[in-house]
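Engineer: Here's a structure for you.
Values in this text are rule-based calculations from the coordinates and carry no lab data. Computed from a predicted model, the values in this text were never measured in an experiment. So basically every Cβ, Gly included, is an ideal-geometry build from the backbone, and we count neighbours across all protein chains shown.
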Amino acid sequence: MKITPSIIFFTLSLFLLLSCKSEQTGDVEEKLKTIKQLEYQRVSDPDQWLALYSNDTYEGLRTEILKSMGRCENDTFLPVLIELTNQTQEDSILEAGIQAIANIGGASATQFLISLDFKSLSQKLQLNVIHALGKSGTDSAVQLLLKLLSESAQNDAIYRSLALAVRKQSQPAGFLTSHIDSTFFQNITESKSYFLSYAASPQHLLPIIDQLNNNKTPAKAKKYILKTLVRLKQNDGPTITKMLQNDSLATQSLRQSLKHLLIDTQKDWQTKYTALKFSGTVADSSFFPVYRQLISNARISHIPLAALEAFIQADANAALSAILVQINKSADTYFKGELIDLLSLLDKQMTFRYAMQYLDRGDRYFKGKLLDALGKTGLKLSRQKLHQFTFVEDIYLVNKAFDNLVQLNAVTNRDFQNMMNTGYSSAITKALNWRMQRNRYPEPGKVIDLFTQFNTAPHYDLQNTLIDVMKKSQIRLNPEEFQQIYDNATHYSVRQDLKKLFPELAENADLPPIRFNLTPSLQPDSIDFNRSPSLVELKTTQGSITIRLLPGIAPLTVHNFLNLVNKKFYDGLTFHRVIADFVIQGGDPSGTGWGGLPFFIPNENSFEPFKRGSVGIATSGMDTGSCQFFICQSEQFHLTGDYTLFGQVTKGMQTVDRVLPGDKIIEAKVISGPLSGNGS
């Protein structure tokens, strides 16, 4: 082929175009890492963010700047965000601004969201605004949500947000309760019943029962109808019992509905579990064969335990024999511990004998349940055994024993001193909280010593307790003591609290800007923000769980999780916390729920909903995550926006359902996609 000047010109032009595009892409990536650096360090100076925004006209970067400001959840950013959002003509920037304002929340954010022209917003933005209004929980936000029910096509999201608002309020506002009228129960939906599970009162009992017996009520709606009954029973049990006793037709209808749900083999275990939690209130002898069947044949351990608990309510004598059969045939695991714990509701002396028989067997979680059972007996011999367990080496059992003694109001000064001398921040935290309830506080020197000794991430809760000690005891510090405590604070929020508690000392001290201390392995330069998702397999003692990681939502969290997986950090660790129909939680190197890495990772909260199988990071507050994670056994809408969602189970939910405390992660490994957090 003859090379002509036109071909040369075309080739050079293409080369220059690609070079410019490559340089532009590289420039954008560098700027993105700068934005992420500010976000992850929680830089609180609005002027720094405003300068970054003003110096870059690229729409994509401006969008990311606003989103990052929102994830910092800093109230001082609101005036800037509101101004920038009001000024923009770009849809993507408008969306990012509203999302950021909604993420921060508070009175000013709520007022801004209420002022928006809701109908002009995109569907995604409408959903974000609806969720933020629910999280605010204010009367004005709730009234707007109720108004939108008749004007918007987002009723499912609105009802979920109204439920969030009820959670925020000590009791539902009158206009919320009055919304549940006869028309409300027409065409009941899953989201309506979800709202009902938080907002219903005893006056709604009969129409609730009707919905449970209605063949047209969707199956998922019935699950929340059942949760509504359980909540009514928990909040106002005597009233509900009396209403049912006075209405034999309603009671009979409810029995039929519950029994049908319990024997239906197609129903998911969560629905059966919730039905069991209420069934004992109305059960007659016709339920006993159903209970026995569920106790013997259920594949999920939560079901026989719930069936036995219902059995106890219905007929204590029949339940006793069923529990004893299960105790004698079960292995020395957490499940047997739960059975002995249930036995404490029926026979305190027998419970004591069984607990003493097995206390030297099984793992710490089994023994922990036995200590709970001893605590529930209230016997003198049980208290003596609990006192003894505050001196064992296993800090998990020490804490369990102390918690039960607190419940029994039986803590002695010897117990307190032993907790203070364990060398574990979890035990010291519990001891100090117990002492504070009695208006007794440690000396200032002891507070300073504890702050200095326990100054890494896993001791965050202890330092927060020490802040409470200083507030309540009105402790006085000199400048040197204040500086010593400030320098040893585990978290920027602790430093903020110290500045508020000692404003004069803080004003006169030479204090660096308050920022999140990002560990070197999590610096933005080490993270690929455009990486493709990876699949991670957790091989557990109950089976395998496959998780699809979500770097597009939480890049730093995914990066940290993959680093830990590749270091074999999770291999051999236990699931230490399981709440039926809620979450399983693991990843704590101490196995107690109080352990973690030497450093924190910042939250990467989003508006992505927590569904069944969603994987999130466990925290003790904003930006206090590290290695502990949880997996949802069912949808948990109230977690959205407050916790980092970073994965979704794609295979193995049956395993998630079977896990109990003490089950182990045998191995965690990457089975597909990039092996590390930097995309390699």
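Engineer: Can you run the Rg to Rh ratio on the stretch 221-357? Use alpha carbon positions and the Kirkwood inverse-distance Rh.
Structural biologist: Value, to two decimals: 0.98.
Engineer: Which net charge results for the neighbourhood of LYS222, defined as the other residues with beta-carbon distances under 13 angstrom from its beta-carbon, given Lys and Arg at +1 and Asp and Glu at -1?
Structural biologist: Local charge sum for LYS222: +3.
Engineer: If you line up the long axis of helix 302-314 against the longest principal axis of the chain, both from Cα atoms, how many degrees apart are they, to the nearest 10?
Structural biologist: Helix 302-314 sits roughly 40 degrees off the main axis of the chain.
Engineer: Something else: To make sure I understand the rule: partners must be lysines, Cα under 23 Å from the Cα of LYS568, and not fewer than 8 residues away in the same chain. Which ones qualify?
Structural biologist: LYS539, LYS651, LYS664, LYS669
Engineer: Would you indicate which of (1) 17, 51, 27, 5, 0; (2) 15, 44, 34, 6, 1, 0; (3) 14, 37, 34, 12, 2, 0 is the value of P(r) over Cα pairs in 20 Å bins from 0, in percent derived from the coordinates of this structure?
Structural biologist: (2)
Engineer: Compute the distribution of all C-alpha to C-alpha distances in the stretch 277-365, in bins of 10 Å from 0, and list the percent of pairs in each, rounded to whole numbers.
Structural biologist: Taking every Cα pair in the stretch 277-365, the percentages come to 17, 52, 26, 4.
Engineer: May I pose another question? Determine the calculated [θ] at 222 nm for the chain from helices alone, applying -39500 (n - 2.57) to every DSSP H run no shorter than 4 residues and normalising by the residue count; nearest 500 deg cm²/dmol.
Structural biologist: Rounded to the nearest 500, the figure is -18000 deg cm²/dmol.
Engineer: Using Cα pairs closer than 8 Å and at least 6 residues apart in sequence, work out the relative contact order for the stretch 379-432, in percent.
Structural biologist: 30 percent
Engineer: Counting alpha carbon pairs within less than 8 Å and at least 6 residues apart, what relative contact order, in whole percent, applies to the stretch 217-321?
Structural biologist: Answer for the stretch 217-321 is 24 percent.
Engineer: Report the local net charge at HIS260: Lys and Arg +1, Asp and Glu -1, summed over other residues whose C-beta lies under 13 Å from its C-beta.
Structural biologist: Computed value for this residue: +4.
Engineer: Net charge within 11 Å of TYR159 by Cβ-Cβ distance, Lys/Arg positive one each and Asp/Glu negative one each, not counting TYR159 itself?
Structural biologist: Summing Lys/Arg as +1 and Asp/Glu as -1 gives 0.
Engineer: Percentage of Cα-Cα pair distances in the stretch 171-252 greater than 19 Å, rounded to whole percent?
Structural biologist: Roughly 32 percent, rounded to a whole number.
Engineer: Of the trypsin sites (Lys or Arg not before Pro) in the stretch 485-565, which ones lie in a loop per DSSP and count no more than 15 other C-beta atoms within 10 Å?
Structural biologist: ARG515
Engineer: Which FRET efficiency value, to the nearest 0.05, is calculated for ASP449 and LEU381 with the Förster distance at 41 angstrom and r the Cβ-Cβ distance?
Structural biologist: Efficiency, from the Cβ-Cβ distance: 0.65.
Engineer: To continue, here is another question. Quick one: if you take sqrt(5λ) for each eigenvalue of the C-alpha gyration tensor of the stretch 468-594, what semi-axes come out, biggest first, whole angstrom?
Structural biologist: Those come to 39, 21, 12 Å.
Engineer: May I ask which residue of LEU84, ALA163, ILE295 lies farthest towards the positive end of the charge dipole of the chain, with charges of +1 (Lys, Arg) and -1 (Asp, Glu) on Cβ and the Cα centre as origin?
Structural biologist: Towards the positive end, the residue furthest out is ILE295.
Engineer: Oh, and also: Mind checking the angle between helix 139-148 and the chain's longest principal axis? C-alpha axes, 0 to 90 degrees, to the nearest 10.
Structural biologist: 80 degrees
Engineer: Pairing the Cα long axis of helix 78-87 with the longest principal axis of the chain, what angle in degrees results, from 0 to 90 and rounded to the nearest 10?
Structural biologist: Orientation of helix 78-87: about 60 degrees from the principal axis.
Engineer: Moving on. Based only on Cα atoms, what mean projected area does the convex hull of the stretch 410-538 have, in nm²?
Structural biologist: Averaged projected hull area, Cα only: 11.9 nm².
Engineer: Which value, in debye to the nearest 20, describes the size of the charge dipole of the chain about its Cα centre when Lys and Arg Cβ atoms bear +1, Asp and Glu Cβ atoms bear -1, and nothing else is charged?
Structural biologist: 2520 debye
Engineer: Now for a different question. Find the eigenvalues of the gyration tensor of the Cα atoms of the stretch 427-473, then list the square roots of 5 times those eigenvalues as equivalent ellipsoid semi-axes, largest first, in whole angstrom.
Structural biologist: 17, 12, 8
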